[in-house]
Amino acid sequence: MKGIIDSFVPLGRGGTILFVMALLSGCSHSLPGFMNPQGPIAEAQKHHFWFVVFVTLIVVLPVIIQTPIILWRYRYRGNAVYRPHWAMSRWLDIAMWGVPFVVVIVLAVVLWRETHQLDPYRPLDSDKQPLQVQVVGFDWKWLFIYPEQGIASMGQLVLPVDRPIAFQLTSATVLQSFFIPALGSQIDVMNRMVTKLHLQADNTGRFQGKNMQYNGSGFHRQRFMTQVVDDAQFDDFVAHARRDGYRLDRQRFNQLNEKSDATDFAGMLGIENYQHGDLMAFSPIPSRLFDAIAHHAPIDWTSLTTSPPQNRKIMDERMPPSNATPAPPDAEENTHDEADDNGGEKAT
Amino acid sequence: MSDIWNFVFGRLGWDALPFWEAVRDPTTFNIINGIIAGGAAGMVVLGVLGAVILVTWLGKWKYLWSEWLTSPDHKKIGIMFIVIAMVMLSRAIIEAAFMRAQQAVGLDGGFLSPEHFGEFFTTHGTIMIFFMAMPFLTGIINYVMPLQIGARDLSFPVMNQISLGLTAAGAAIVMISLVLAPFSTGGWSGYPPYTELSYSPDAGVDYWIWAVTLSTLSSTLTGINFAVTIYKKRAPGMKLFRMPLFTWTALSTAILMIFGMPPLTVATALLALDRYLDFHMFTSDLGGNMMNYINLFWAFGHPEVYILILTPFGIYSEVFSTFSGKRLYGYTLLVIATICIAFLSFTVWLHHFFTMGQSAAINAVFGIATMLIGIPTGVKVYDWMLTMYRGRVRLSAPMIYAVGFIMLFVIGGLTGIILATPSVDYQVHNSLFLIAHFHNMLIPGTLFGMLAATNFWFPKAFGFRLEKRWGRRAAYCWVIGFMLAFFPLYALGVLGMPRRSLTFFEPAYLPWTIAAGCGAIVILFAMLFLLIQLWVSVRDRHHNNVFVGDPWDGRSLEWATSSPPPEYNFPVIPEVFSRDAFMAEKEQGKAYQIPDEFPDIEMPANSAMGVIIAVTGTAMAFGLTWYMWWLVILAAMVTLVAIIARGYVRKTTRTIPCDEVRRTHLAWIECVRRTTPVDRSKEQTRENRGLPVPPVEGAVQ
């Protein structure tokens, strides 16, 4: 079955839609979305998309092609044959019930397989241990908790390349939908419920992440940058966060629950010139924070035992965000070692 | 003083005025939004004032009251439903244009405030579904179905008035919300917990709840009325399998209304309990679960989709066979396909939330069930093509809509199959791809169907044809405007742009949003051309008069009576011997007969119930929204008294004497005899007075 799907891919790549898209956007190599997949899930979804399109066209194309032909051939002033009582043909009936039926059977078989294969709850096949990431949706920002590392981040979701990621997700407020188009599926996040999602990135780079479910006036600003880095850089990110992260204490947590986007929250932390996609890292964080939010349990603030250094540097200076805004020279100099490792530089 | 104020006005305050923010904090941005909102409010107020002044100036209050508002005639109620739909359509299209304009300049900015944009997409969706599509198709079925089955009226004429009253009340509430803002920003689907009191404390969601509740109550009653009428009031000889296909789809629609509407009434009622009485049905805490709302909503929502599409399927069936001068291809299988679709529509609701975290097996089952609906739908499309095949096709305005429909609809079908595939839906769900898909179904499907029906049956209702050139221009503008406005949204969805986005930050989206904005302009022109068409047609009504009643060489019974038909539709209930009953009569030369004797005809008497329900419904919803409890209690009391009083009314019918019936009929027959029959080449000319040359062996001349 995989072979069938693959055989449609070249057609898909040459698809007119994409061609026009590329023409108009002027930069086909950086198209957002799953047509430019960066992970196995999105790749498979792209294949399945085009497979469905081409199989369904078997039923659709005859209509689009033949309707104008019939319209012209049997026009009022034409002299084609006219059979006002003709209203039944067994063979045509068999064909028009049968062909769509066969098409639906083919689609259904593939659908069954692919739905199980790409089920967001199914752990990905890999010889590497998946990285656990817990996602909390706030109005209108995302908090990413790395429970094994004991850190959290906002604005930027840092992921290691070629390693499966096992997400657990919940919402601290209303229904939202967590989505990184380039990597794969979206999944709803709901208060008092935990959903799961498994993704993997095949390439390093920066990919947009967003909320797809309207949740108020800041909805369109609820986005983040997915920063996919190699293992060494990921370790470095963890080390940075542990060393220089903001302490996620009760006061900051209450600020998280206010209606604001990531930029507003950066302002509350005292970060100036915060740009979309910059990293805010948190450490220490209360233990079992995700479970407490998901199940409305009291948060264990006493677990914030170690106090962070007071002369901490701002994280977004340490990890220059993107090609767009290079970090100020002094910051780069101060943190030269880290800047090389942070992955932000090479992700263009 | 403030106690009295609070008692009288509830929580209504000055800040409900739509331009209040601009007065309070006059930044450029607020002023722009204040002007848009204030302008809309002004249009509502001026529109109502203008209508009142016009009726007073013409001295037509009595006529309006006795001939229209209190009339139990299904034809007049149908027309009033369509008038509501047209007014609401104009508003919702303007809102759509604003949203397209916002997104066309929406890269990193735009001119609308987030709250304003939220109200735009919520009211646009709510109006288009509940106060445009539903009244429109209810109006058309109301008008046409009793004529097609040879009945004099619906089974429950007063209930029909009440349905109209409830819809009018809901529409009024949505219009009032323009003047006394805000409306909900929770989208037409109103998902909690966003729409719960803790996240949306203002009056907006309450407006939405009561408007939708009124509408669903109206549609449930309508469904019962239609189904009973079709079961019980068919003319002698009109077996189920002799009914025109439009009546079949009306029956399926009615059944879907009966079973599909109550879940939403329940869902909004439970949400109201949450908001008013601190229940916890759909809240996050104390055992509430928003998933229950979402299941209830789509248990309504998916049958609703087929309520909206089956009626147009019936309309297109009539249009294709009439303008191809040919029997409908595969009648029996079309009926079976219709019933299949109606049945399957109850089995697929879960495909609206594949991403909510249920197991792959459940998603796959619902995905496959959804694709199954594609089979009977595809069969219908082929049946329509084969109806044109070996026919003689006249490309009149209804046919342009119909042909545009089948070619565009299959594209929507294709994208529907994509969305029905859970693994792919995880990518395109909640994106503009979804928006493009359902507009692709509902514009070429429902709206084109309604416009085709308007062009098709307008001469029946008003006695003159709609002007053809402006009709064609409007139709072509609709087709082109639709493609331009919505095909780009497919691309945007594939590129990952979420629906309901005020602003976006990816420059790659910009060309597509601009293209869609251009499409919106073309659609505005289409709407303008429709108005011009109406104006020109009314101006030339004497030249395009078709009092004889059969301008398109029609096939079913509604064409067998005068245009407009008498109140009682047929002097003698016709007897039916085959499908395409009127075409058969014409073929056998039995059309336009004078019956041997004329009976006295008993018709339902006028009743003010519809008007009373409209007024009390509006008052109650308004009072509930603003916490004016005295108004709620007063309106409830009046409703109760009116219903009880109605039970004591003894004289519920009036008799039309046989002499009057005879006189009317003979005058019509005289007119038929004086009219020169025309062949189809003169169909769109002034020579067409509604009498076709009789068919020869079924061949339309």
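Taken about its Cα centre, the protein assembly as shown carries a charge dipole of roughly 4880 debye when the Cβ of each Lys and Arg holds +1 and the Cβ of each Asp and Glu holds -1.
Taken along the Cα-to-beta-carbon direction at a fixed 7 Å, the label points for residue A:249 and residue B:228 span 7.1 nm.
Compute the FRET efficiency between residue B:652 and residue B:83 as 1/(1 + (r/R0)^6), taking r as their Cβ-Cβ distance and R0 = 30 Å, and round to the nearest 0.05.
Numbers: r = 26 Å, r/R0 = 0.87.
Efficiency at R0 = 30 Å is approximately 0.70.
Helix B:157-179: angle to the longest alpha-carbon principal axis of chain B, degrees 0 to 90, nearest 10? Its long axis makes an angle of about 40 degrees.
Straight-line reach from residue B:76: taking Cα to Cα under 16 Å and skipping same-chain neighbours fewer than 8 places apart, the aspartates and glutamates in range are B:67, B:153, B:558, B:567.
Once both labels are positioned 7 Å from their Cα atoms along Cα-to-Cβ, the gap between residue B:23 and residue A:127 label points is 7.4 nm.
Neighbour counting of Cβ atoms within 10 Å sorts the residues B:327, A:122, fewest neighbours leading, into A:122, B:327. Distant-in-sequence amide contacts of residue A:135, defined by a placed amide H-H separation under 5 Å and a gap of 5 or more residues or a different chain, comprise A:145, A:168, A:169, A:170.
With 0.36 nm allotted per residue and the present C-alpha distance subtracted, the residue B:239-residue B:541 stretch has 105.0 nm of extension available. Residues whose amide H comes within less than 5 Å of that of residue A:158, counting only those at least five positions distant or on another chain, are A:227 (H built at 1.01 Å from N in the peptide plane).
Cα axis of helix B:245-277 to longest principal axis of chain B: angle in degrees, 0 to 90, nearest 10? For helix B:245-277, the angle is close to 20 degrees. Projecting the Cα atoms of B:310, B:270, B:366 onto the dipole axis of the range B:255-371, where Lys and Arg carry +1 and Asp and Glu carry -1 at the beta carbon, places B:310 farthest toward the positive end. Per-residue 3J(HN,Hα) values for the range B:524-532, derived from phi via the Karplus relation 6.51 cos²θ - 1.76 cosθ + 1.60 with θ = phi - 60°, read 4, 5, 4, 5, 4, 5, 4, 5, 4 Hz in sequence order (x marks Gly and Pro).
How high is the FRET efficiency from residue B:280 to residue B:629, r the C-beta distance, R0 25 Å, rounded to 0.05?
Computed FRET efficiency for residue B:280 and residue B:629: 0.60.
Cross-link partners for residue A:46 among the lysines, with Cα-Cα distance under 16 Å and sequence neighbours closer than 8 places in the same chain left out: A:2. For the range B:554-605, trypsin sites (Lys or Arg not before Pro) meeting the loop criterion (DSSP other than H, G, I, E, B) and having at most 14 other Cβ atoms within 10 Å: B:590. What separates the Cα centres of the range B:88-110 and the range B:466-523 is a distance of 11 Å.
Model label sites at residue B:676 and residue B:602, defined 7 Å from Cα along the beta-carbon direction, differ in position by 4.7 nm. Along chain B, the exposed loop sites are GluC sites (Glu not before Pro) outside DSSP states H, G, I, E and B with at most 14 other Cβ atoms within 10 Å, and the longest stretch free of them is B:1-574. How large is ³J(HN,Hα), in whole Hz, for each residue of the range A:243-253 in order, when computed from phi with the Karplus curve 6.51 cos²θ - 1.76 cosθ + 1.60 and θ = phi - 60°, using x for Gly and Pro? Once θ is set to phi - 60°, the couplings for the range A:243-253 become 7, 10, x, 6, 6, 8, 8, 4, 5, 5, 5 Hz.
The magnitude of the dipole of chain B, with charges of +1 and -1 set on the Cβ of Lys/Arg and Asp/Glu and taken from the Cα centre, is near 2140 debye.
Over the protein assembly as shown, dividing the summed -39,500 (n - 2.57) contributions of all DSSP H runs of at least 4 residues by the number of residues returns a 222 nm mean residue ellipticity of -18500 deg cm²/dmol.
Return the average number of partner chain Cβ atoms within 10 angstrom of each residue Cβ along peptide A:116-125. Other-chain Cβ atoms within 10 Å of each residue's Cβ, averaged: 4. Pairs from the table (A:210/A:259; A:141/A:210; B:468/B:682; B:239/B:380; B:75/B:460) lying more than 19 angstrom apart at Cα are B:239/B:380. Taking the number of Cβ atoms within 10 Å of each Cβ as an exposure proxy, the fewest-first ranking of A:119, B:596 is B:596, A:119.
Which of the listed residues, B:136, B:632, B:535, is farthest toward the dipole's positive end in chain B, when Lys, Arg count +1 and Asp, Glu count -1 at the beta-carbon? After comparing all options, I get B:535. Taking the fewest neighbouring Cβ atoms within 10 Å as the starting point, the ordered list for B:394, B:24 is B:24, B:394.
Go through B:257-265, B:605-613, B:42-50 and give me the packing order, highest mean Cβ count within 10 Å leading. The partial results should precede the final answer.
On the way: B:257-265: 21.8, B:605-613: 19.7, B:42-50: 13.2.
Order by mean packing, descending: B:257-265, B:605-613, B:42-50.
Relative to the longest principal axis of the C-alpha atoms of chain B, give the angle of the C-alpha long axis of helix B:468-494, reported between 0 and 90° and rounded to the nearest 10°. It is inclined by approximately 40 degrees. Loop-located trypsin sites (Lys or Arg not before Pro) across the range B:234-295 with a Cβ neighbour count of 16 or fewer within 10 Å are B:239, with loop assigned by DSSP. Peptide B:189-200 shows a mean partner chain C-beta count of 3 within 10 Å per residue C-beta. Across the range B:132-148, coupling constants 3J(HN,Hα) worked out from phi with the 6.51/-1.76/1.60 Karplus curve, θ = phi - 60°, read 10, 4, 5, x, 4, 6, 4, x, 5, 4, 3, 6, 8, 4, x, 5, 5 Hz, and Gly and Pro carry x.
Just so you know, all these numbers are worked out from the coordinates, no wet-lab data involved. Here the structure is a predicted model, which means the values were calculated and not measured. Using ideal geometry, Cβ is built from the backbone for each residue, glycine included, and neighbour counts are taken over all protein chains shown.
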